Amino acid sequence: MLAAFKDENSFMKSFTKQLGRTRRHSVRRVRRAGLSLVELLIALAIIAALLTATGVALDVSFKAYAIATQSASTQSATRLLTNRLLTNIRTASAHGPVDMTLSEIADGAVLVTDTLVESPFIEFADRNGDTVRLSYDSASQALEMIRTPVSTGIEQPAEPVMEGVTECIFKLKRGKDRDGIYVLERATFDFTVEAGDDSTMQIEAGNVPPVRVIASTRPRRF
C-alpha cells in the first residue's frame, strides 16, 4: 500500500510539472502573437506618411480645379466683351478719338504719330446714332460704358462693363477720307484682366494668372 501511495504521489508531481510546462508554453505563444511597441510605432509612422501624401494630393487637385474654374470664367467674360466690342467697331458709323480735340486730349488721348493715337477710351456711334464711350478707369480697375443718346444729348451715368482690369490701352490708326476728315482705319485694344474675386475660389486657388486680350479690327464702312 505504501508503494502504491508513492507511485500515485510521483504521478501527481509528474502531471503537475507537465501542466505547468503547458501553461508556460501557452503564455509564451500568446505573447509572441501580439505587436511590440516598436512595431506599433512603425505602423503608425507609415499610416501618417500615407495620410500626409493623400492630403497633399487632394490639396493640389483642389487648387488646380479652382485655377481652371476661375481662368475659364475670366476667359469667357473677356471673350464675350471682345466679340461685342469688335462688332460695334466694325458696324459703327463714326469713331473717336481721331480728330484729337481738346476734350479728347484732356481725357487722356495722345497723338503718338501723325496716324497713331493711343487712348484710355474709345468712342463710336452705334446703329441708333447714340454715342457710346468705352473708358478705362485705373482707380477702380474697371472698364466703363458711357452712353449719350442722340435724342437727348445728355450723357448717362457710367456703367461698369468689366472689373479687375489692371491695364488697358486703345490704339487707333487714323487716316483722311476724300474730304480731308480724319477717320478710323484700324482699332487695336490691349487689356489685362485679373481673375474674379470669389473668396472661396481664392482660398483654394491662390494666385491665378491674369488673362491678357489683344484684338484688332477695322470699320467696314471705311
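What follows is calculated from the coordinates using simple rules that are stated; it is not laboratory data. Keep in mind that this is a model prediction, so the values were computed, not measured. Cβ: placed from backbone, ideal geometry, glycine included. Neighbour counts: every protein chain shown.
Scattering from segment 98-155 was approximated by placing one identical point on each alpha carbon and applying the Debye formula without solvent; log10 I(q)/I(0) at 0.14 1/Å stands at -0.44.
Think of each Lys and Arg Cβ as +1 and each Asp and Glu Cβ as -1; about the Cα centre, that makes the dipole of segment 83-222 roughly 920 debye. For segment 162-168, the Karplus equation 6.51 cos²θ - 1.76 cosθ + 1.60, evaluated at θ = phi - 60°, returns couplings of 8, 9, x, 8, 8, 9, 7 Hz by residue, with Gly and Pro reported as x.
Computed from backbone phi, the HN-Hα couplings of segment 119-130 come to 8, x, 8, 9, 10, 7, 9, 7, 5, 7, x, 6 Hz, rounded to whole numbers (Karplus: 6.51 cos²θ - 1.76 cosθ + 1.60, θ = phi - 60°; Gly and Pro given as x).
Using only alpha carbon positions, build the gyration tensor of segment 92-205, then give the equivalent ellipsoid semi-axes as the square roots of 5 times its eigenvalues, largest first, whole angstrom. If you can, show how the numbers build up before the last one.
Details: eigenvalues 174, 63, 26 Å².
With the √(5λ) rule applied to segment 92-205, the semi-axes are 30, 18, 11 Å.
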